[in-house]
Amino acid sequence: MTSQLIEQGLNGLMLGSIYALMASGLSLIFGSMKMLNFAHGELYMLGGFATYFAVTFLGLPWWLAIPLAMGLMLLAGFAIERVVIEPLLRRPGWDDTPIIATLGLGVFLQNAALLLFGAQFKNLPYFIEGTGSFVGIRMAYQRILILVVSVAVMALFAQFLRRSKLGMALRAVAQDRDAARLQGIDAQGTYMWAFGIAAALATLAAAMIAPIFSVNPWMGLTLLVKAFAVCVVGGLGSIGGAILAGILLGTAESLTVVLLSSQWKDVVSFTILIIVLWVRPSGFFGTKEW
């Protein structure tokens, strides 16, 4: 039983790292623009398809296919911000229009994917085959790869936000948009980068988990709901909160499968969400912690 709990705990860390990647993108957009992107799940889905076609049709190895897919979705994020979001920025009622615009965009992208790619679920082979064992604890190499890559990317992303010129600009706009503009920061440019980076992070999440869960036009909905829950628990706009909450919810779900059953894992996740909202409505780190 102990080894099973440890194995599920490691699986939870893997799943939580995927949640954290998704939620980090949502928090990045909310932190810089104070808006929720309801099309984020569809960007995750398109990133999964981009990786699938890069591997199966172009014949690229996974370590080339994933950066290519992330680059394409970075550009897609740029385009979405400029075409869909930018024209709405100066219009009255900006607080409400992103919800309508991104919901509509999500429906459009989902149906476009269904039309172009079909309803059949598409499977990717494991990037690394086999299973490792250490002191009686077994785990597939693919899951270890997911955990290692996700943790490494989140660590690099955190350093990027802290040390790079663009990262500091994103944080400055998140803290005080008007003051950042007075300092010569191009707020509109940071919005575009926020969308692009969020799309790239969602693509990495989809690419790493695709060999386990497959790729299909509806794959983004469940992850979007979980990512929103993670953002609320961690604190909207908080990258660190998104990472911590993602790990917490992913681990809680995996342990629930062992201790109760798989039918209870979503119940446990949203129970944690409700408790956090009762105790600390702003989440672990509030809305302006980075």
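Computed from the coordinates by the stated procedures, all read-outs in this text should not be read as laboratory data. This one's a predicted model, so the numbers in the text were calculated from it and none came from an experiment. Using ideal geometry, Cβ is built from the backbone for each residue, glycine included, and neighbour counts are taken over all protein chains shown.
Taking just the alpha-carbon atoms of region 235-290, what radius of gyration and Dmax come out, in angstrom?
Cα-based Rg and Dmax for region 235-290 come out at 12.2, 37 Å.
Which number gives the lysine pairs in the chain that have C-alpha atoms under 25 Å apart and are eight or more places apart or on different chains?
On the way: Lys34/Lys165; Lys34/Lys226; Lys34/Lys288; Lys122/Lys226; Lys165/Lys288; Lys226/Lys265; Lys226/Lys288.
Close lysine pairs found across the chain: 7.
With θ taken as phi - 60° and the coefficients 6.51, -1.76 and 1.60, list the Karplus ³J(HN,Hα) couplings across region 230-245 in order, rounded to whole Hz; mark glycine and proline as x.
Per-residue couplings from phi come out as 4, 4, 5, 5, x, x, 4, x, 9, 5, x, x, 5, 5, 4, 5 Hz.
Mind checking which of Leu114, Leu204, Leu244 has the largest fluctuation in a GNM of the chain, springs on alpha carbons under 10 Å?
With Cα springs under 10 Å in the chain, the top fluctuation among Leu114, Leu204, Leu244 is at Leu114.
Calculate the length of the line joining the C-alpha centroid of region 104-134 to that of region 178-204, in whole Å.
28
Using the Cβ atoms and a cut-off under 11 Å, what net charge is assigned to the surroundings of Met219, where Lys and Arg are +1 and Asp and Glu are -1?
Cβ neighbours under 11 Å give a net charge of 0.
Taking θ = phi - 60°, what integer Hz values does the Karplus form 6.51 cos²θ - 1.76 cosθ + 1.60 yield along region 70-87, in sequence order, with x for Gly and Pro?
Couplings: 5, x, 5, 6, 4, 5, 4, x, 4, 5, 5, 5, 6, 8, 9, 8, 3, x Hz.
Find which of Ile100, Met219, Asn111 sits farthest along the positive direction of the dipole of the chain, computed with +1 on the beta-carbon of Lys and Arg, -1 on that of Asp and Glu, about the Cα centre.
Among Ile100, Met219, Asn111, the one farthest towards the positive end of the dipole of the chain is Ile100.
Gain in length, Trp218 to Leu5, computed as 0.36 nm per residue apart minus the alpha-carbon separation, to one decimal in nm? Please report the intermediate quantities before stating the final value.
Details: separation 213, 0.36 × 213 = 76.68 nm, distance 3.07 nm.
In short, 73.6 nm is gained.
Okay, helix-only estimate at 222 nm for the chain: each DSSP H run of n ≥ 4 adds -39500 (n - 2.57), divide by all residues, round to 500 deg cm²/dmol; what do you get?
Numbers: 11 runs with 208 residues, N = 290.
Result for the chain: -24500 deg cm²/dmol, rounded to the nearest 500.
Return the Rg/Rh value of region 147-195, two decimal places, where both radii are evaluated on C-alpha atoms and Rh is the Kirkwood radius.
On the way: Rg = 12.4 Å, Rh = 11.4 Å.
Reported Rg/Rh, Kirkwood definition of Rh: 1.08.
For region 101-227, just the Cα atoms, rotate onto the principal axes and tell me the three extents in Å, largest first.
For region 101-227, the Cα extents along the three principal axes come out at 56, 44, 20 Å.
Amide H of Ile137: which non-local residues (sequence gap of 5 or more, or other chain) have their own amide H closer than 5 Å, using H built in the peptide plane?
Here the answer is none, since no amide H 5 or more places off falls under 5 Å of that of Ile137.
Label points 7 Å out from Cα along the Cβ direction at Ala179 and Ile144: separation in nm?
Label-label distance for Ala179 and Ile144, simple model: 4.7 nm.
Show me the three semi-axes of the equivalent ellipsoid for region 86-176, from the C-alpha gyration tensor (sqrt of 5 times each eigenvalue), largest first, rounded to whole Å. Show your work: numbers first, answer last.
Numbers: eigenvalues 276, 145, 21 Å².
Working from the Cα gyration tensor, I get semi-axes of 37, 27, 10 Å.
Mean shadow of region 2-44, computed from the convex hull of its alpha carbons, in nm²?
Working: hull surface 14.0 nm².
Averaging across all directions leaves 3.5 nm² for the Cα convex hull.
One-quarter of the Cα convex hull surface for region 9-121, in nm²? Mind dumping the intermediate values first?
On the way: hull surface 34.2 nm².
Reported value for the Cα convex hull: 8.6 nm².
Could you compute Rg(Cα) / (2.2 N^0.38 Å) for region 2-218, with N its residue count? Don't skip to the end; give the middle numbers.
Numbers: Rg = 18.6 Å, N = 217, 2.2 N^0.38 = 17.0 Å.
Cα-based Rg divided by the globular estimate yields 1.09.
Sort Val83, Val279 so the one with the fewest other Cβ atoms within 10 Å of its own Cβ comes first.
Numbers: Val83 10, Val279 7.
Ordered from fewest to most neighbouring Cβ atoms within 10 Å, Val83, Val279 come out as Val279, Val83.
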